[in-house]
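Take a look at the structure below.
The values are calculated or read from the model by the stated rules, or taken from the named source; none is laboratory data. Everything numeric here is computed off the predicted structure, so don't read it as measured data. Heads up, the Cβs are rebuilt from the backbone with ideal geometry, glycines too, and the neighbour counts pull from every protein chain shown.
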Amino acid sequence: MFGWLFGGKPRSGSWSRVRREHLAREPQCIACGRGKTLEVHHVQPFHDSPELELDDENLVSLCAEPCHFVFGHLLNWSASNPHVRDDAQAYRQRLKNERGI
């Protein structure tokens, strides 16, 4: 179902469980720290590396807006960011420094 959304590749039947388990382990956006409206983002895109779909090492939590678009897709839904973790960590550190945390 909806395989066309992912380059014609259907999602694994285990995706819902893996997504839920990932969010339990990483319940906040890795960039801004918010915990509402999270997306589980694939570092290596599902359409390019379907074998990594369920690999937790390939998953990061990003808030739906704006961090998923900004850090996960570099402001272009067709793009991917293999450095999403590093970029998000640098941004989060900058936020902490600005807030004096």
Looking at region 26-49, I want the residues that are within 25 Å of residue 98 (Cα to Cα) and have a partner that is among the aromatic types (Phe, Trp, Tyr) with Cβ atoms under 7 Å, at least 6 apart or on another chain. Which pairs are those?
31/71; 31/91
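Across region 86-101, which residue is surrounded by the most Cβ atoms within 10 Å (Cβ to Cβ) among those that are of a type outside the set (Asp, Glu) and without any contact (Cβ under 8 Å) to a residue 24 or more places away in the chain? Full working, then the answer.
Kept after step one, since they are of a type outside the set (Asp, Glu), are these residues of region 86-101: 88-97, 99-101.
Keeping just the survivors that are without any contact (Cβ under 8 Å) to a residue 24 or more places away in the chain gives 90, 93-94, 96-97, 99-101.
On the way: 90: 13, 93: 11, 94: 10, 96: 11, 97: 9, 99: 7, 100: 5, 101: 8.
Among residues in region 86-101 that are of a type outside the set (Asp, Glu) and without any contact (Cβ under 8 Å) to a residue 24 or more places away in the chain, the one surrounded by the most Cβ atoms within 10 Å (Cβ to Cβ) is 90.
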For residue 31, only one of the following conditions fails: (1) surrounded by fewer than 16 Cβ atoms within 10 Å (Cβ to Cβ); (2) in a loop (DSSP other than H, G, I, E, B). What is its number?
(1)
Is one or more of the residues making up region 75-85 without any contact (Cβ under 8 Å) to a residue 60 or more places away in the chain and at positive phi?
yes
Looking at residue 63, is it in contact (Cβ under 8 Å) with a residue 60 or more places away in the chain and either in contact with a Cys (Cβ under 7 Å, 6 or more places away or on another chain) or of a type in the set (D, E, K, R) (or both)?
no
For region 38-83, how many residues meet the condition of being surrounded by 16 or more Cβ atoms within 10 Å (Cβ to Cβ) and farther than 21 Å from residue 13 by Cβ?
15
Set 23, 5, 52, 38: member being more than 19 Å from residue 90 (Cα to Cα) and modelled with pLDDT under 95:
5
